[in-house]
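The values are calculated or read from the model by the stated rules, or taken from the named source; none is laboratory data. Here the structure is a predicted model, which means the values were calculated and not measured. Reconstructed Cβ throughout: ideal geometry from the backbone, glycine too, with neighbour counts over all protein chains shown. Side chains included, ligands, DNA and RNA excluded: accessible areas come from the protein's heavy atoms. Shrake-Rupley method; radii C 1.70, N 1.55, O 1.52, S 1.80 Å.
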Amino acid sequence: MRYDFDTAVDRSGIGNMIEEWQPPAIRDAGLTSYWGAEFGFRTAPAIVDAVRKAAENGLFGYTIATPDYLDRVVWWFENRRGTRIRPEWILPTHGVIFSLATSIRAFTEPGEAIITLTPGYRRYNQAAERLGRKVSESPLVLRNGRYHIDFEDLEARMSEAANRLLVLCNPNNPTGTIWGIHDLERIAELAGRQGVLVFSDEIFAEVVFGEASIPPYHSVAGEGAECITCGSLGKCFGLTGVNHSNVVIPNARLRERFLIQRNSDHYGSIDPFLHAALLGAYTEEGAAWLDAMLEYVWGNYLFIDSFFREHLPAVSVLKPEGTYVLWIDFRGLGLEAGELNRFLLEEALLCLDPGESYGGPAGYMRMNISVPRREIERSLELLLDAARARSLGAVGDSGTSEEER
């Protein structure tokens with residue numbers, strides 16, 4: 001079955017955040033924004049059909065994790081994540097950051113800290129700081145075109161008594177780096193020795209390319225480990241606006257403490273549309289659509305990487321192992337951070353996420369590439385025109401010699 005990723009989804013009139021916060025110049029030009037990690041095309045037909053059927057039934061009442069719901073999650077973990085889980089390990093929540101906040105309340109005290117890896121998703125920091133906790137950032141190391149964990153630094157942070165919880169994002173957002181089994185084994189060994197709880201955000205874990213795979217953290221750490229694995233339909237199926245996640249906690253004592261705190265945080269029921277969506281997504285049909293989406297997005301990456309290599313070699317793209325966001329190095333253009341942001345937004349009409357928003361160095365940008373390719377083609381041509389107008393090193397600039405090309 002062929003799926004349509006070339007038609008842009010209509011964001012107008014539905015309160016969509018990306019549409020409502022669209023910079024006026026981008027909106028007036030009829031262009032796409034590439035900030036935020038959200039699809040620019042429709043989700044899987046299996047989900048649309050399931051939600052439509054639920055809507056037509058007309059009952060949107062209190063909804064629980066039924067045996068069918070739990071069985072679908074178990075099936076998905078076995079067939080897409082390569083590991084078997086038990087239904088009793090699964091706790092639905094109102095989202096990944098909701099789950100992290102619940103974990104912070106349950107397992108840390110005010111004044112203590114969480115550990116994060118940076119560049120990284122800054123909502124973790126926000127969740128901790130809003131709850132009166134601190135953040136200890138362990139910088140990743142860029143080596144040979146790939147980010148690596150500095151385990152010496154991480155171990156030092158874990159050894160500090162106040163640092164009680166490590167947040168792991170796998171694959172990493174914004175760099176697209178996958179933490180493989182050897183990384184996870186080393187993290188588990190350090191965490192176990194230092195008594196640090198690991199919260200593994202695996203919202204992007206099904207968005208991997210080639211032969212890559214991401215084992216759930218708990219499957220590496222072991223059933224008795226102090227760890228929480230958190231997944232969602234949010235990224236792999238584009239349900240970012242439906243506040244939900246499924247937490248998997250094999251450790252019974254830890255699971256009970258989390259459950260008590262989750263319910264104390266005013267957890268209600270599952271969104272009835274989410275219940276329907278999950279039953280539609282976690283199927284053979286949903287998996288087939290996901291495979292097609294990954295193939296299309298990988299094609300977007302190949303196009304973007306080739307475009308920069310051919311036309312604007314001063315800009316380099318980090319090869320992603322997972323996610324559908326690209327980590328792009330614009331420092332070769334020679335513009336300081338504020339000027340680069342102005343150039344991209346006002347002259348090139350290219351709306352990206354500044355790297356500083358993820359704790360990255362100035363000059364890096366994050367670009368969401370889960371959009372129709374023709375939109376990317378149009379945006380990159382405008383970027384190239386703007387770079388040529390400024391003589392910023394684009395191939396074909398009047399000031400570029402044949403040797404430099």
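Taking only segment 181-207 into account, find how many residues are out of contact with any helix residue (DSSP H, G or I) (no Cβ under 9 Å at 6 or more places or on another chain) and either open to solvent by less than 20 Å² (accessible area, probe 1.4 Å) or modelled with pLDDT under 95 (or both).
Number satisfying all stated conditions: 1.
When segment 99-135 is examined, which residues are found to be part of a helix (DSSP H, G or I) and under 19 Å from the mean Cα position of the chain (by Cα)?
SER99, LEU100, ALA101, ARG123, TYR124, ASN125, GLN126, ALA127, ALA128
Being over 21 Å from the mean Cα position of the chain (by Cα) and surrounded by fewer than 20 Cβ atoms within 10 Å (Cβ to Cβ) is the filter here, so list the residues in segment 21-50 that pass it.
Of everything in segment 21-50, those that are over 21 Å from the mean Cα position of the chain (by Cα) and surrounded by fewer than 20 Cβ atoms within 10 Å (Cβ to Cβ) turn out to be PRO23, PRO24, ALA25, ILE26, ARG27, ASP28, ALA29, GLY30, LEU31, PRO45, VAL48, ASP49.
If a residue has to be touching a residue at least 12 places away in the same chain (Cβ under 8 Å), in a helix (DSSP H, G or I), over 19 Å from the mean Cα position of the chain (by Cα) and within 26 Å of ASP28 (Cα to Cα) to count, how many in segment 328-365 make the cut?
8
Mind checking which residues of segment 208-223 are closer than 19 Å to ILE104 by Cα and open to solvent by 20 Å² or more (accessible area, probe 1.4 Å)?
Hits for segment 208-223: nothing passes.
Taking the residues in segment 54-81 that are of a type in the set (S, T, N, Q) and open to solvent by 30 Å² or more (accessible area, probe 1.4 Å) as candidates, determine which candidate is nearest to the chain's Cα centre (by Cα).
ASN79
Return only the number of the condition from (1) open to solvent by 90 Å² or more (accessible area, probe 1.4 Å); (2) closer than 16 Å to SER379 by Cβ; (3) in a loop (DSSP other than H, G, I, E, B) that ARG84 does not satisfy.
Here ARG84 meets the rest and fails (2).
Any residue at all in segment 1-23 that is of a type in the set (Phe, Trp, Tyr), under 27 Å from LEU166 (Cβ atoms) and in contact (Cβ under 8 Å) with a residue 12 or more places away in the chain?
No, that holds for no residue.
Please enumerate the residues belonging to segment 224-251 that are within 18 Å of SER103 (Cβ to Cβ), open to solvent by 10 Å² or more (accessible area, probe 1.4 Å) and not polar (S, T, N, Q).
GLY224, ALA225, GLU226, GLY231, HIS244, PRO250
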